[in-house]
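**Student:** Questions regarding the structure given below will be posed in turn.
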Amino acid sequence: MSAKKIVGAVLVASFAAIFALKYQAIYNEYISPPINYLRSQNAIADTIKFSISPENFQKLKNKRDEAIQNGLLVRSNDDYVAASINLNEQEFNAQIRLKGDELDHLQGDFWSLKVNLKKKARLDGMRKFAIRSPKTRSYIHE
């Protein structure tokens, strides 16, 4: 293959990559959100139920109250409390803590949580995940 053909092939490949990246950003920004919104209208969400002892719930509530008083959630590894999670008749043991820097994660009755499942348990393939109100992430724009 001649040097001209190699240079030409590299230029075409480079142009194609730049073109794809540019239009991928446009797709992600403008086309994907309305499509996701329309798909979500017929989605049936599973209900995840958390069981927490009164003592552990009080620990989370105290941490929440402290965050609201300070205007910011300051987290540490000893913030985790034991919980049980039930999803589709399956029960998982977990460690949970409050999640989110801003106070919108702690408003009302729905608090954002960081979840670590114990042992080798997986929930939809995940051992660590977060639960948060869609409002904290601008609903469909996540």
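**Student:** Looking at Arg122, Arg64, Arg75, which is the one that is surrounded by fewer than 13 Cβ atoms within 10 Å (Cβ to Cβ), modelled with pLDDT under 95 and not hydrophobic (A, V, I, L, M, F, W, C)?
**Tutor:** None of the others qualify; the one that does is Arg122.
**Student:** Additional query: All but one of (1) surrounded by 10 or more Cβ atoms within 10 Å (Cβ to Cβ); (2) of a type outside the set (Ser, Thr, Tyr); (3) at pLDDT 75 or above hold for Phe15; which doesn't?
**Tutor:** So the condition that Phe15 fails would be (3).
**Student:** Could I ask something else about it? Go through (1) closer than 17 Å to Arg132 by Cα; (2) at pLDDT 80 or above; (3) exposed (fewer than 11 other Cβ atoms within 10 Å of the Cβ) for Leu98 and report which single condition fails.
**Tutor:** (3)
**Student:** Only one of Arg122, Arg97 is without any contact (Cβ under 8 Å) to a residue 24 or more places away in the chain and either of a type in the set (Lys, Arg) or more than 23 Å from Glu55 (Cα to Cα) (or both). Can you tell me which?
**Tutor:** After ruling out the rest, the residue left standing is Arg122.
**Student:** Suppose the filter is surrounded by 12 or more Cβ atoms within 10 Å (Cβ to Cβ) and under 21 Å from the mean Cα position of the chain (by Cα); does Arg39 pass it?
**Tutor:** No: the conditions fail for Arg39.
The values are calculated or read from the model by the stated rules, or taken from the named source; none is laboratory data. Only a predicted model underlies this, so the values are computations on that prediction, with no experimental measurement involved. Don't worry about glycine lacking a Cβ; one is built from the backbone with ideal geometry, like all the others, and counts go over all protein chains shown.
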